[in-house]
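> Encoded as structure tokens, here's the structure I'll be asking about.
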Amino acid sequence: MLHVTIWYEYTQESGYLRRDLVRPGISEEDFRNFEFYTAQASEKIHQVYPEGLMAPIRKALEADPQMQVTCATLYDPDFGLPEELLEHTDVLIWWAHISHDAVPDELVKRIVERIQKGMGFIALHSAHKSKPFMSVLGASGTLRWREGDFCRIWNTAPAHPIAEGIPEYFELEEEEMYGEVFDIPAPDEIVFMSWFSGGELLRSGCTWTRGYGKVFYFQPGHETSPSYHNPYILRIICNAVKWAAPAKWRNEMNCPNILQSPEMLREKGRKQP
Ligand code: ZN
């Protein structure tokens, strides 16, 4: 059984802003702008995703009897990720947008450590600016963006497990443009590249390994675009969860302390069968 946790910020969908869960110490003007933007977005999200933005992803994963899916939000106790849940998560999916700063650094540290020990991590869409994504990759994750665009997603690694069942390209009539330069470390593999009608390009599906863990970033999923109803998008996310499943866990994060002399170790080696 693969234990998958979908961590979802939920701020815009809720339509209600808690000052401390937007950004600690936010200015009054910024807070009012966020309130206006959130009210607008909330209505549209409910139109496009009547059961919630994460519902199609949850259902697609639950269709696989090998997956046990838990959904959590920033508004749940312990910011949605109490220690027991994180310690039982094999693959963590992360969607966040306007409350990145509300996720405590201590939790981010535990997430990064769990990835290094073997947990898979899948960052979706605006999670490019989330603390766990930036921390685990050691990069700012910045890129250029524009709302409401046409997008063609090219499959640039057809033999990769994440691209299984995906044609050479497919299109989304409405998705937010994210364009290069995307400030990320060079990916191990670029599984998808996206082209937008403004001519911009993005490395939109990228993989990395960090310690024993696998990381995947996938761009589609703007909250008011219907991308998570697209069967190819859902297939890619399901494929990515299987790909990111831990192959082996690392139990100890410290380096082993070798106290014996090289001579003793050589002698020990000779005695081994
Ligand atoms: Zn967006």
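> Do the sum for the chain: with -39,500 (n - 2.57) for every DSSP H run of n ≥ 4, divided by all residues, what is the mean residue ellipticity at 222 nm, to the nearest 500 deg cm²/dmol?
Numbers: 8 runs with 82 residues, N = 273.
Computed mean residue ellipticity for the chain: -9000 deg cm²/dmol.
> Now, a different point. Take the alpha-carbon positions of the stretch 1-72, form their convex hull, and give its projected area averaged over all directions (one quarter of the hull surface) in nm². Spell out each step's value before the answer.
Working: hull surface 21.5 nm².
The number I arrive at for the stretch 1-72 is 5.4 nm².
> Could you work out how far the C-alpha centroid of the stretch 29-63 sits from that of the stretch 108-164, in angstrom?
So the separation of the two Cα centres works out to 20 Å.
> Which whole-number percentage describes the relative contact order of the chain, with Cα contacts under 8 Å and a sequence gap of 6 or more? If you can, show how the numbers build up before the last one.
Values: 535 pairs, mean separation 54.6, N = 273.
Result for the chain is 20 percent.
> Kirkwood hydrodynamic radius for the stretch 158-271: how many Å is it when counted over pairs of different Cα atoms?
Details: mean 1/r = 0.0582 Å⁻¹.
About 17.2 Å, per the Kirkwood formula over Cα pairs.
> Something else now. Hey, any idea what Rg/Rh is for the stretch 192-231, computing Rh the Kirkwood way over Cα pairs?
Details: Rg = 12.8 Å, Rh = 12.0 Å.
With Rh from the inverse mean 1/r over Cα pairs, Rg/Rh is 1.07.
> How about LYS214: which lysines have a C-alpha closer than 21 Å to its C-alpha, ignoring those fewer than 8 places off in the same chain?
Of all the lysines, those that pass the test against LYS214 - Cα under 21 Å, at least 8 places apart if same chain - are LYS109, LYS117, LYS129, LYS131, LYS242, LYS248.
> Give the separation of the Cα centroids, the stretch 219-268 to the stretch 178-209, in Å.
The stretch 219-268 and the stretch 178-209 have Cα centres spaced 20 Å from each other.
> Given Cα pairs under 8 Å that are at least 6 residues apart, what percent is the relative contact order of the stretch 136-273? Walk me through the numbers before you get to the answer.
Details: 233 pairs, mean separation 30.4, N = 138.
Normalised by residue count, the contact order of the stretch 136-273 is 22 percent.
> Between ARG110, ARG19, ARG32, where does the largest GNM mean-square fluctuation fall for the chain, given springs only between Cα atoms within less than 10 Å?
Greatest mean-square fluctuation among the candidates belongs to ARG32.
> If you don't mind, there's one more thing I want to ask. Mind sorting PHE36, PHE196, PHE31 by how few other Cβ atoms lie within 10 Å of their own Cβ, fewest first? Write down the numbers at each step before the final one.
Values: PHE36 10, PHE196 20, PHE31 14.
With the fewest neighbours first, PHE36, PHE196, PHE31 line up as PHE36, PHE31, PHE196.
> Placing one identical point scatterer on every Cα of the chain and ignoring solvent, what is log10 I(q)/I(0) from the Debye formula at q = 0.08, 0.10, 0.11 Å⁻¹?
Taking Cα atoms of the chain as identical point scatterers yields -0.35, -0.53, -0.62.
> Further question: How would MET134, MET264, MET119 line up from fewest to most surrounding beta-carbon atoms within 10 angstrom?
Details: MET134 20, MET264 11, MET119 28.
So the residues, fewest neighbours to most, are MET264, MET134, MET119.
> Between ILE166, ILE93, ILE233, which gets the highest mean-square fluctuation from a Gaussian network model of the chain, Cα cutoff 10 Å?
Greatest mean-square fluctuation among the candidates belongs to ILE166.
Taken together, the values in this text are just the output of simple stated rules run on the coordinates, not laboratory data. Everything numeric in this text was worked out from a predicted model, so none of it was measured. Counting neighbours? That spans all protein chains shown, and the Cβs are built from the backbone with ideal geometry, glycine included.
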